[in-house]
Amino acid sequence: MVLPTEPEFEQAVHEITSTLAPFFAKHPEYKNALEIIQIPERVIQFRVIWDNDKGEVQVNRGYRVQFNSALGPYKGGLRLHPTVNLSILKFLGFEQTFKNALTGLNMGGGKGGADFDPKGKSDNEIRKFCYAFMAELSRHIGQDTDVPAGDIGVGGREVAYLFGAYKKIKNEFSGILTGKGATFGGSHIRPEATGYGLIYYVSNMLPATPSLKSFEKARVLISGSGNVAQYTALKLITLGATVLSLSDSNGTLLLANDKDEAGFSADDVHAIAKLKLARGSLATFVSSTSHHNDNSGSKFVWHEGKRPWTLLASVDIALPCATQNELDGQDAKALVAAGAKVVAEGSNMGCTLDAIEVFEHSRKEGGPSPTWYAPGKASNCGGVAVSGLEMAQNSARLQWSPAEVDAKLQLIMKNAYQACYETGLEYGNAEKNERVLPSLVVGANISGFIKVADAMRAQGEWW
């Protein structure tokens with residue numbers, strides 16, 4: 001049977017399957033589970049008709065991929081972006097299945113969205129689209145069936161509109177979305193969760209990392225400038241790290257004097273957050289912080305059309321926090337040459353397969369300063385973890401304090417790291433050399449796969 005080409009989804013499946021061989025060598029019966037897991041339980045596609053402020057009829061393609069419910073209700077974000085298609089949503093839903101398993105919470109995997117572009121749209125147009133989108137989506141979700149959240153293009157405003165639409169359609173107030181406002185069932189720490197969780201995961205890596213034991217004065221490259229990148233930067237700043245970059249689709253904002261140990265300040269990040277909320281470009285931030293017309297007095301320099309990975313000769317940590325495949329093989333070689341000790345994904349599948357191979361080669365080589373790579377399904381699971389905590393709070397009709405949620409998030413990220421480390425040590429360290437760090441990508445893939453496969457077998461989906 002010839003299937004349509006779905007490059008992002010095929011890449012995600014290959015990234016998982018290419019690491020399972022050591023496990024299958026000991027447990028060949030699990031190969032049956034892999035054949036089943038890589039096919040979504042249900043794919044829903046529908047049209048979304050709405051009218052713009054000129055009264056013109058518009059139509060978009062809407063989707064929900066309900067990938068796997070072995071561990072709980074389908075859970076995963078909604079993405080609004082012109083590039084949204086089934087390949088991307090299937091890859092995200094597939095990844096989400098294993099990511100959710102690593103949190104230890106009862107959540108299955110799913111993903112959805114539409115090829116609608118919120119950029120340049122008025123609040124009224126976005127509200128109309130959200131109500132039209134939910135008119136169909138509401139047929140397929142529920143607090144015990146499928147609980148979407150936000151993703152690219154879907155922030156607090158969009159979640160609120162979607163929630164309001166569902167409440168009106170169904171005449172019920174229930175926890176069918178996460179990422180809600182704190183006044184109507186949302187959880188504290190949810191906006192910060194992916195960025196904070198990324199840093200909590202990396203903080204567990206550092207004690208085992210040769211030549212880098214803490215964030216203090218660590219030189220960190222970050223890509224992206226949205227929610228994940230912002231809170232990643234803010235948490236790093238509080239821990240004494242030097243944040244060297246942020247970026248957007250147009251280029252990279254780099255610290256002009258990369259020897260400046262202060263790096264980006266919290267005020268800088270808050271100003272950038274305000275700029276991005278107004279849908280501004282980071283390129284304008286250089287002139288806004290300059291004391292001279294020629295920008296020579298700016299704390300930053302703008303690199304048009306470039307990503308941050310090749311721009312500096314000395315780096316300790318690299319954190320891709322923008323989108324999929326944002327760091328390729330050449331970027332990876334540049335980071336290894338620059339001395340990067342840790343690369344951890346804040347984005348979903350931020351590194352290409354070529355990049356992962358470069359990082360894994362560096363890890364296997366060992367030595368005083370190898371590059372240790374953490375895949376997004378583990379290192380960025382903090383966002384969905386707090387979404388799971390929001391679901392728990394909704395079910396109990398209560399709200400935990402920020403400190404309570406943050407403590408639970410730290411424990412979830414610690415447990416996720418330990419599962420990846422221990423499984424990677426068992427199956428992913430073919431060198432059997434105690435001086436070589438275990439493969440966290442092998443550990444994440446196998447430990448997540450085992451949890452999902454065992455639940456499916458117990459429910460009679462394979463035998």
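A few remarks follow.
- Probe 1.4 Å, accessible area per residue of segment 38-182, Å²: 38
- Tensor-based shape of segment 137-228 (alpha-carbon gyration tensor, a/c under 1.5 rounded, otherwise prolate or oblate): prolate
- Summed residue charge, Cβ within 14 Å of SER214's Cβ, Lys/Arg positive, Asp/Glu negative: +3
- With every protein chain in place, the chain: carbon and sulfur % of accessible area (1.4 Å): 51
- In nm, spacing of pseudo-spin labels at ASP144 and HIS27 (7 Å Cα→C-beta vector): 3.0
- Here the spin labels are modelled as points 7 Å beyond Cα on the Cα-Cβ line, and at SER395 and VAL59 they lie 4.1 nm apart.
- Rg to Rh, two decimals, where segment 30-134 supplies the alpha carbon set and Rh follows Kirkwood: 1.08
- The lysines whose alpha-carbon is closer than 22 Å to the alpha-carbon of LYS213, local same-chain residues fewer than 8 away aside, are LYS235, LYS259, LYS341, LYS364, LYS414.
- Reach of LYS408 by Cα under 13 Å, taken over aspartates and glutamates that are not fewer than 8 positions away in the same chain: GLU390
- Sites LYS167 and GLU357 - FRET efficiency at Förster radius 41 Å, r taken between beta-carbons, to 0.05: 0.30
- Accessible area in square angstrom per residue, segment 205-265, 1.4 angstrom probe: 35
- DSSP-defined beta bridges in segment 222-372 - what % are antiparallel, rounded to 5: 65
- Cα shape, segment 228-283, gyration tensor, a/c 1.5 rule: oblate
- Of all DSSP beta bridges in the chain, antiparallel share, percent nearest 5: 60
- Segment 68-116-segment 225-272 distance, computed between alpha-carbon centres (Å): 29
- Cα gyration tensor shape of segment 344-460, rounded if a/c is under 1.5, else prolate or oblate by comparing a/b with b/c: prolate
- The Cβ shell under 9 Å around GLY186 holds other residues with a net charge of +1, Lys and Arg each +1, Asp and Glu each -1.
- Modelled label positions at LYS213 and GLU261, each set 7 Å beyond Cα in the direction of Cβ, lie 1.7 nm from each other.
- For ASN394, net neighbour charge (Lys/Arg +1, Asp/Glu -1) across residues whose Cβ lies under 14 Å away: +2
- Using the Cβ-Cβ distance between LYS274 and GLU404 with R0 set to 45 Å, the FRET efficiency works out to roughly 0.95.
The values are calculated or read from the model by the stated rules, or taken from the named source; none is laboratory data. Everything quoted here is computed from the prediction, not taken from an experiment. Reconstructed Cβ throughout: ideal geometry from the backbone, glycine too, with neighbour counts over all protein chains shown. In case anyone asks, the SASA skips ligands and DNA or RNA and just uses the protein heavy atoms, side chains included. Shrake-Rupley method; radii C 1.70, N 1.55, O 1.52, S 1.80 Å.
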